[in-house]
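Chemist: Okay, handing you the structure first.
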Amino acid sequence: MEDFDCPKFESCSASVCPLHKDVTDQLMLPSERACSILLEYQKPDSETFLRECYGEEMVQVMAKATADIYRDGTYPIRHALESASKTGSRLRNIKNIIHIERKYK
């Protein structure tokens, strides 16, 4: 995988990073966090939003990671993806709040 900078790197505490190495070679314990961008990718209609925020390459990395996890990943990371697919978008909500705040300043 080609390395490129993650916009969340400075504040990230995820134990599984799709940008670091193959996700199926990484271990996630049930109490650990998953990559927020990977979780966001699981949301309905997330690809367009992620493409606008992070670019096409990031979307492709998340698509590959998702497929790899569902094919060969351990239960904790698969469960995290499945749970994320059933909840609303945190990143989209944050972006909307920032947009509204800027609009009314």
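The values are calculated or read from the model by the stated rules, or taken from the named source; none is laboratory data. Keep in mind that what you see is a predicted model, and the values were worked out from it rather than measured. Positions of Cβ are backbone-derived with ideal geometry, glycine not excepted, and every protein chain shown enters the neighbour counts.
Chemist: Is it the case that Val61 is farther than 21 Å from Thr87 by Cα, in contact with a Pro (Cβ under 6 Å, 6 or more places away or on another chain) and of a type in the set (A, V, I, L, M)?
Modeler: yes
Chemist: Further question on the same structure: Filter region 51-79 down to residues that are closer than 16 Å to Lys8 by Cβ, within 12 Å of the chain's Cα centre (by Cα) and modelled with pLDDT of 90 or more, then give me how many there are.
Modeler: Selection size over region 51-79: 5.
Chemist: If I ask for residues that are without any contact (Cβ under 8 Å) to a residue 24 or more places away in the chain, loosely packed, with under 14 Cβ neighbours inside 10 Å and in a helix (DSSP H, G or I), which ones from region 50-62 would you list?
Modeler: Glu52, Glu56, Gln60 - these are the residues of region 50-62 that are without any contact (Cβ under 8 Å) to a residue 24 or more places away in the chain, loosely packed, with under 14 Cβ neighbours inside 10 Å and in a helix (DSSP H, G or I).
Chemist: Then there is this: List pairs: first in region 1-25 and modelled with pLDDT of 85 or more, second assigned to a strand (DSSP E or B), Cβ under 6 Å, 6+ apart or cross-chain?
Modeler: Ala14/Ala34; Val16/Ala34; Val23/Val16
Chemist: For region 14-49, what are the residues that are crowded, with 17+ Cβ neighbours inside 10 Å and farther than 19 Å from Tyr70 by Cβ?
Modeler: Phe49
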